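Here the structure is laid out as structure tokens; the discussion comes afterwards.
The values are calculated or read from the model by the stated rules, or taken from the named source; none is laboratory data. In this text the structure is predicted, and so the values were computed from the model without any measurement. Cβ sites come from the backbone with ideal geometry, for glycine too, and all protein chains shown count toward neighbours. Areas reflect the complete protein model, heavy atoms only, side chains present, ligands, DNA and RNA absent. Shrake-Rupley method; radii C 1.70, N 1.55, O 1.52, S 1.80 Å.
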Amino acid sequence: QLSDVHSGGQDMVIHRTAVPAPAAACMLKVGPKKEVAECKEKFASSVDPTVSQTFMLDRVFNPEGKSLPPMRGFKYSSWSPLGCDANGRCLLAALTMDNRLSIHANLNRLQWVQLVDLTELYGERLLEAGYRLCKADTPCGELGDFPEFQRRHSMQAPVRMEWSGICTTQQVKHNNECRDVGSVLLAVLFENGNIAVWQFQLPFLGKESITSCNTIESGISSPSVLSWWEYEHNNRKMSGLIVGSAYGPVKIIPVNLKAVKGYFTLRQPVVLWQEMDQLPVHSIKCIPLYHPYQKCSCSLVVAARGPYVFWCLLLISKAGLNVHNSHVTGLHSLPIVSMTADKQNGTVYTCSSDGKVRQLIPIFTDVALKFEHQLIKLSEVFGCVRTHGIAVSPCGAYLAVITTEGMANGLHPVNKNYQVQFVTLKTFEEAAAQLLESSVQNLFRQVDLTDLVRWKILKDKHIPQFLQEALDKKIESCGSTYFWRFKLFLLRILYQSMQKAPSEVTWRPSHEDAKILISDSPGMGSTEDDQEEGTSKQASKQSLGDTGKGVDIDDTAEDSLHQSSDSGGREPMVEKLLEIQAQIEAVEMHLTREHMKRVLGEVYLHTWITENTSIPTRGVCDFLMSDDGYDDRTARVLIGHILKKMNKQTFPEHCSLCKEILPFTDRKQAVCSNGHIWLRCFLTYQSCQSLVYRRCLLHDSIARHPTPEDPEWIKRLLQGPCTFCDSPVF
């Protein structure tokens, strides 16, 4: 989802991408290829029906299918926390229907790349270990025995996988300098109940970023679901893995993370529910909360079991770990098919296939808690539908629902059309208040909230007074650049709301021109099918254009000003647009100066006397001091120290085409005396003198690629997000 500042359309803006399923079937490594082929032939032709039929019908043994339909597609996926890939975004762990577990990254904005195949790596590890977890285990049997053949498959067939939170540790370098190294854990639950815990160093680049892999025995038979339990008590982080069974039990397994400093775990497993009541655990969510009566943090674990919600409140006190658990009944008449949770406030959402969604709000009591629940009738919004899954957006602004057509006149539909629908969960006022009081202070990470604010301003064509006043107070009191970026976002949306929608789409040719072009082109025969296809493509492009990127602000400003000046009654609108444009430029200049101060601070800390850095330090200093109205004592002191360090050296940039000096007169571009124009990197203010560069997600700014000769502090600057919209840079 994008909160697009360059589009005047009120619709939600979504960029959709796809991860293709592998064409080749995944064969689990259970032994030498020749021996495996002989065993498969032996089991398939066995006279014992319990062996032959079990083998032929189990798709783990036969992923290619032969006469059966192919197992091509995905059965589960899991998003990592933000900040795990090279661009500071999420990784995607995807599990195919034929048990291939792989990790993908969205490195080039709209293109997904597979970084590693964990199923293959884990199979190689098991083969080297002789299919034993530790050396003390008894030697495994012969592959020709069907139970042993099943065991080797079940110990590497994934059921679920989940990511932990990011853990930061300090690494001591050779020169005794400490640097922060981030790592993340991926827990993989297998059919036999074992759990493999992979540790990855961040940013995750591929096989070389794998630090370790440890296997834990959970003791759970027929495992169905997995979730991380992460609890913070007295600034100490505790972790464990919550495992649910298809037979009903739920328990927390300790995870001993010897290599991860600052993490602690349980001494022994904690059973949250032990009854084998044949209610399969479908989904588990762990929500960190603050207990208002006990005055400490606590952990709420909720699990969907049949049509019920099982909850467990975990609280650490002086007496030890307190466990309160119960079930919430009377929610659904059918089994729960999907459950999601808003971790901001602890609200839980469940849905059954009959189109009913329940909202459960935890209310703390003196001892434990209770739930208030209310029904969300999707039939009032979408009509009669069947629901297949739900998910809440990162900050709880939207609920995404997968639906198909419901029954009509007592009959099921002939065809199923799966759709992703969006339901708004927050009002504009709630979203604005959450943005103002946010601890995240990043607009990109709160895109669902900013989208609600964007919609409201585009609809009403003004910024509400209460939001304007509250934002001005925040800027005066703390002066954080986050609030300046929020103000810039509001002004840009207000500017778009004032624009007059063009009567015709500028890129679309007229029908007359198209006909002349086709008939006049030699060797191009036009059939009716071709013309119909062209029309449908144009129509689809038109609909995408409505919700996609608009044209640049400056261009639309000129167009609107020309249109307005033609009609004499539009002069107040012209003045309003010019006023908003001046405010936008002022806020952008403030954010630029603040980032320039940060860049100069890095230059001062990491350079010796008269050292030539590739950053145009003297030009940035002169640019900051060129405005007489800008009086910042911090900037003046910093510039004074830097100029003293430079010792009258200027170190100007030179044009790579004509070797002339590139003066620093503009923050966006550099122009030499011969008229060669180079765009400037908004992160380091260097000129991008190459044909390849990066842009932020909203096309706000230009940034150069890091080079091998860049020092670490410049590479660190180049990893930053956009200084105007917080978007990552591609």
(message) Whether any residue in segment 255-270 is of a type in the set (A, V, I, L, M), touching a residue at least 40 places away in the same chain (Cβ under 8 Å) and in a strand (DSSP E or B) is what I want to check.
(response) yes
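Name the residue, out of LEU488, LEU411, LEU425, that is at pLDDT 95 or above and among the hydrophobic types (A, V, I, L, M, F, W, C). Steps first, answer last, please.
On the way: LEU411 fails: at pLDDT 95 or above; LEU425 fails: at pLDDT 95 or above.
Selected residue: LEU488, the only one of LEU488, LEU411, LEU425 that is at pLDDT 95 or above and among the hydrophobic types (A, V, I, L, M, F, W, C).
I need the full set of residues from segment 273-296 which are open to solvent by less than 40 Å² (accessible area, probe 1.4 Å) and more than 15 Å from VAL328 (Cβ to Cβ), in order please.
First, the residues of segment 273-296 that are open to solvent by less than 40 Å² (accessible area, probe 1.4 Å): 281, 283-284, 286-287, 289, 291, 296.
If the condition is that a residue be open to solvent by less than 40 Å² (accessible area, probe 1.4 Å) and more than 15 Å from VAL328 (Cβ to Cβ), then CYS286, LEU289, HIS291, CYS296 are the ones that fit.
Looking at ALA319, ALA246, ALA304, ALA341, can you tell me which residue is open to solvent by 50 Å² or more (accessible area, probe 1.4 Å), out of contact with any helix residue (DSSP H, G or I) (no Cβ under 6 Å at 6 or more places or on another chain) and of a type in the set (A, V, I, L, M, F, W, C)? Even if it seems obvious, please write down each step before you answer.
Numbers: ALA246 fails: open to solvent by 50 Å² or more (accessible area, probe 1.4 Å); ALA304 fails: open to solvent by 50 Å² or more (accessible area, probe 1.4 Å); ALA341 fails: open to solvent by 50 Å² or more (accessible area, probe 1.4 Å).
Result of the check over ALA319, ALA246, ALA304, ALA341: ALA319.
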(request) Working only within segment 350-391, note down all residues that are open to solvent by 30 Å² or more (accessible area, probe 1.4 Å), among the β-branched types (Val, Ile, Thr) and free of Cβ contacts under 8 Å to residues at least 60 places away in the same chain. (result) ILE361, ILE363, VAL367, ILE376, VAL381
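How many of the residues making up segment 569-607 are farther than 21 Å from VAL620 by Cα and among the small types (Gly, Ala, Ser)? Write out each step before concluding.
Residues of segment 569-607 farther than 21 Å from VAL620 by Cα: 569-584.
This time we only want the ones that are among the small types (Gly, Ala, Ser), so: 569, 582.
Number satisfying all stated conditions: 2.
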(request) Consider only pairs whose beta carbons are under 8 Å apart and that are at least six residues apart or on different chains; among these, list those whose first residue lies in segment 492-508 and is surrounded by 10 or more Cβ atoms within 10 Å (Cβ to Cβ) and whose second residue is in a loop (DSSP other than H, G, I, E, B) and at pLDDT below 65. (result) GLN496/GLY550
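Looking at segment 612-628, which of its residues are part of a loop (DSSP other than H, G, I, E, B) and either surrounded by 18 or more Cβ atoms within 10 Å (Cβ to Cβ) or in contact with a helix residue (DSSP H, G or I) (Cβ under 8 Å, 6 or more places away or on another chain) (or both)? Step through it out loud before you land on a result.
Of all residues in segment 612-628, those part of a loop (DSSP other than H, G, I, E, B) come to 612-616, 626-628.
Correct list: THR613, SER614, ILE615, PRO616.
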(message) Looking at segment 653-665 only, could you name the residues that are more than 20 Å from THR592 (Cα to Cα), open to solvent by 60 Å² or more (accessible area, probe 1.4 Å) and not basic (Lys, Arg)?
(response) HIS654, LEU657, GLU660, ILE661
(request) Name the residue, out of TYR604, TYR630, that is modelled with pLDDT under 85, within 30 Å of CYS725 (Cβ to Cβ) and of a type in the set (Phe, Trp, Tyr). (result) TYR630
(request) Residue by residue through segment 702-715, note down the ones that are in contact (Cβ under 8 Å) with a residue 24 or more places away in the chain and outside any strand (DSSP E or B). (result) ASP710, PRO711, TRP713, ILE714
(request) Give the residue that is nearest to the chain's Cα centre (by Cα), with candidates limited to residues of segment 658-701 that are closer than 16 Å to ASN87 by Cβ and part of a strand (DSSP E or B). (result) CYS696
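Taking segment 164-185, which residues are hydrophobic (A, V, I, L, M, F, W, C) and over 17 Å from PHE264 (Cα atoms)?
Step one: of segment 164-185, the residues hydrophobic (A, V, I, L, M, F, W, C) are 166-167, 172, 178, 181, 184-185.
Result: VAL172, CYS178, VAL181.
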(request) Working only within segment 392-415, note down all residues that are of a type outside the set (A, V, I, L, M, F, W, C) and open to solvent by 40 Å² or more (accessible area, probe 1.4 Å). (result) PRO394, GLU405, ASN409, GLY410, HIS412, PRO413, ASN415
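Please count how many residues of segment 629-651 are closer than 19 Å to VAL671 by Cα and open to solvent by 60 Å² or more (accessible area, probe 1.4 Å). Talk me through it step by step, then tell me what you get.
To start, the set of residues in segment 629-651 that are closer than 19 Å to VAL671 by Cα comprises 650-651.
Within this subset, residues satisfying the condition of being open to solvent by 60 Å² or more (accessible area, probe 1.4 Å) are 650.
Total meeting the criteria: 1.
Looking at segment 61-80 only, could you name the residues that are open to solvent by less than 70 Å² (accessible area, probe 1.4 Å), closer than 26 Å to ALA105 by Cα and either touching a Cys at 6+ places or on another chain (Cβ under 9 Å) or at pLDDT below 85 (or both)? Write out each step before concluding.
Residues of segment 61-80 open to solvent by less than 70 Å² (accessible area, probe 1.4 Å): 61-63, 65, 68, 71, 73, 76-78, 80.
Filter again for closer than 26 Å to ALA105 by Cα, leaving 63, 71, 73, 76-78, 80.
PRO63, MET71, SER80, listed by residue number.
Out of the residues in segment 86-105 meeting the condition of being at pLDDT 90 or above and of a type outside the set (A, V, I, L, M, F, W, C), tell me which one is surrounded by the fewest Cβ atoms within 10 Å (Cβ to Cβ). If you could, list the steps in order and put the result at the bottom.
Pass one, segment 86-105, residues at pLDDT 90 or above: 90-105.
From what's left, of a type outside the set (A, V, I, L, M, F, W, C): 96, 98-100, 102, 104.
Numbers: THR96: 22, ASP98: 25, ASN99: 23, ARG100: 24, SER102: 19, HIS104: 17.
Among them, the one singled out is HIS104.
Which ranges mark the strands (runs of 3 or more DSSP E) fully within segment 136-241 that have 1 or more residues being in contact with a Phe, Trp or Tyr (Cβ under 7 Å, 6 or more places away or on another chain) and surrounded by 13 or more Cβ atoms within 10 Å (Cβ to Cβ)? Steps first, answer last, please.
Working: elements: 158-163, 167-172, 178-190, 194-201, 210-217, 223-233.
Ranges flagged: 158-163, 167-172, 178-190, 194-201, 210-217.
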(request) State whether one or more residues within segment 112-119 are surrounded by 16 or more Cβ atoms within 10 Å (Cβ to Cβ), out of contact with any Pro (no Cβ under 8 Å at 6 or more places or on another chain) and among the acidic types (Asp, Glu). (result) yes
